[in-house]
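Notes follow the structure.
The values are calculated or read from the model by the stated rules, or taken from the named source; none is laboratory data. Everything numeric here is computed off the predicted structure, so don't read it as measured data. Methodologically, a virtual Cβ is constructed for each residue, glycine included, from the backbone with ideal geometry; neighbour enumeration extends over all protein chains shown. Keep in mind that these areas ignore ligands, DNA and RNA; they rest on the heavy atoms of the full protein, side chains included. Shrake-Rupley method; radii C 1.70, N 1.55, O 1.52, S 1.80 Å.
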Amino acid sequence: MTILVDHIGKRYNYDWVFRHLSYRFEPHKPTAIIGPNGSGKSTLLQIIAGSMLPTEGQLHYLPANGQSLPADQIFRHISFTAPYLELIEDFSATESLKLLGQFRPLLQDLSISEMAYWVGLPLSAFQMPIRHLSSGMKQRVKLAHAFFLQSPVLLLDEPCTNLDREGVDMYHRLIQHFATHRTVIIASNHQEEYEFCTQILSVQDFKP
């Protein structure tokens, strides 16, 4: 899916976070959104996800068939994860993925045990309540939610939060195997999270 951002801006009260931001996000061209803390990276990602409205400007979502999607339907085509998104901690990872699968299709060629393998967790960890998992394990579950949904767009906000070196390597394996044909957009200040990206968008370039 191609996403066209057309002169968007976001303002809180009288302060503009960014303004006149135009960009074209395309499949096979993973893009990193970079900038200092508080510069608006997460805000831009949430606007692209449709969970936040821009103050000005428009977004256009163009699937492969070329027919523009209504903005209120884009959530059906996006996978999104971020450190500030909460998991249902009384559920196990298995239960949360099965619940997700009732609303959005999961990758059909992967079993739950294979999903656990890909995110580097033992199946036993996938079967216990999420509240008992460490912060790094919870981040792996969040990545499972994002990568194992069938979706043409993958939005990742600081995807390696709470991951150790082994976890970062796991993240790169997920990118290599499950993100090739998607429109991938990553908000991050850490190069290890976006070093494979071929496009860089600096939010600082659109400060008023």
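Annotations for the structure displayed:
- When residues of the stretch 28-49 are limited to those that are in contact (Cβ under 8 Å) with a residue 24 or more places away in the chain and under 11 Å from the mean Cα position of the chain (by Cα), the one farthest from GLN204 (Cα to Cα): ALA49
- Exclusive hit being modelled with pLDDT of 95 or more, part of a helix (DSSP H, G or I) and over 28 Å from LYS98 (Cβ atoms), set GLU166, GLU193: GLU193
- Inter-residue pairs, beta-carbon under 7 Å, first within 12 Å of ASN162 (Cα to Cα) and in the stretch 119-143, second open to solvent by 70 Å² or more (accessible area, probe 1.4 Å), 6+ apart: SER135/ASN162; GLY136/ASN162; GLY136/ASP164; GLN139/ASN162
- Segments classed as strands (runs of 3 or more DSSP E), wholly inside the stretch 1-68, with at least 2 members that are touching a Gly at 6+ places or on another chain (Cβ under 8 Å) and open to solvent by less than 20 Å² (accessible area, probe 1.4 Å): 2-12, 15-25
- Selection of the stretch 79-98 for residues being assigned to a helix (DSSP H, G or I) and over 19 Å from the mean Cα position of the chain (by Cα) yields THR94, GLU95, LYS98.
- Of the residues making up the stretch 103-127, those that are surrounded by 17 or more Cβ atoms within 10 Å (Cβ to Cβ) and among the small types (Gly, Ala, Ser) number 3.
- Evaluation of SER135 against the conditions (1) open to solvent by 10 Å² or more (accessible area, probe 1.4 Å); (2) within 13 Å of the chain's Cα centre (by Cα); (3) small (Gly, Ala, Ser) shows that the sole unmet condition is (2).
- Enumeration of residues in the stretch 171-190 that are assigned to a strand (DSSP E or B) and in contact with a helix residue (DSSP H, G or I) (Cβ under 7 Å, 6 or more places away or on another chain): ILE185, ILE186, ALA187
- Selection count, the stretch 158-208, where residues are open to solvent by 10 Å² or more (accessible area, probe 1.4 Å), among the charged types (D, E, K, R) and either touching a Cys at 6+ places or on another chain (Cβ under 9 Å) or closer than 30 Å to GLY57 by Cα (or both): 6
- Some residue of the stretch 111-124 being in contact with a strand residue (DSSP E or B) (Cβ under 8 Å, 6 or more places away or on another chain) and either closer than 23 Å to GLY35 by Cα or not in a helix (DSSP H, G or I) (or both): no
- For ARG104: the one exception among (1) closer than 25 Å to VAL168 by Cα; (2) touching a residue at least 24 places away in the same chain (Cβ under 8 Å): (1)
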